[in-house]
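Remarks on the structure that follows.
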Amino acid sequence: MNPPIKLPLTIHVTQEDINSGIPKKCSKCPVALAINRATGLAATVKFHPNYIGENEHDIFMTPDCVIAFINKFDAGNHVSPFSFTITEDDRI
């Protein structure tokens, strides 16, 4: 089992993540790809219920900015690179 992610952790979603991301695929969206790159761990990003994570140590509430980004990306709308930070307060 992997140790918990060290927090706070800032995730940078790049244009490469956006170009490689797959709409409506929780583990292949640009945000999941960025988390994978930042942590070396597989990630799933969902917002029904709102969570980011895969292992029992690292499950976090999905930030509102991530939900808005994914909604736009999944709808085929233009999205731009952005960053967000996960803190201990976000842990479920």
Top-ranked residue in the stretch 56-79 [being surrounded by 14 or more Cβ atoms within 10 Å (Cβ to Cβ) and part of a loop (DSSP other than H, G, I, E, B); ranked as farthest from the chain's Cα centre (by Cα)]: VAL79
Single residue of the stretch 52-87 satisfying the filter (hydroxyl-bearing (Ser, Thr, Tyr) and more than 14 Å from ILE5 (Cβ to Cβ)) that is modelled with the lowest pLDDT: THR62
Checklist (1) in contact with a Ser or Thr (Cβ under 9 Å, 6 or more places away or on another chain); (2) part of a loop (DSSP other than H, G, I, E, B); (3) surrounded by fewer than 18 Cβ atoms within 10 Å (Cβ to Cβ) applied to LYS46, failing item: (2)
Of all residues in the stretch 11-27 being among the aliphatic types (A, V, I, L, M) and not in a helix (DSSP H, G or I), the one that is surrounded by the fewest Cβ atoms within 10 Å (Cβ to Cβ): ILE22
Residue in the stretch 35-45 that is out of contact with any strand residue (DSSP E or B) (no Cβ under 9 Å at 6 or more places or on another chain), of a type in the set (Gly, Ala, Ser) and on the phi > 0 side of the Ramachandran plot present: yes
Pair list, Cβ < 8 Å and 6+ apart or interchain, from the stretch 28-40 residues that are under 17 Å from TYR51 (Cβ atoms) and part of a helix (DSSP H, G or I) to residues that are of a type in the set (S, T, N, Q) and modelled with pLDDT under 90: ALA32/THR44
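The values are calculated or read from the model by the stated rules, or taken from the named source; none is laboratory data. Quick caveat, the model's predicted, so the values are computed rather than measured. No Cβ is skipped: glycine too gets one built from the backbone with ideal geometry, and neighbour counts run over all protein chains shown.
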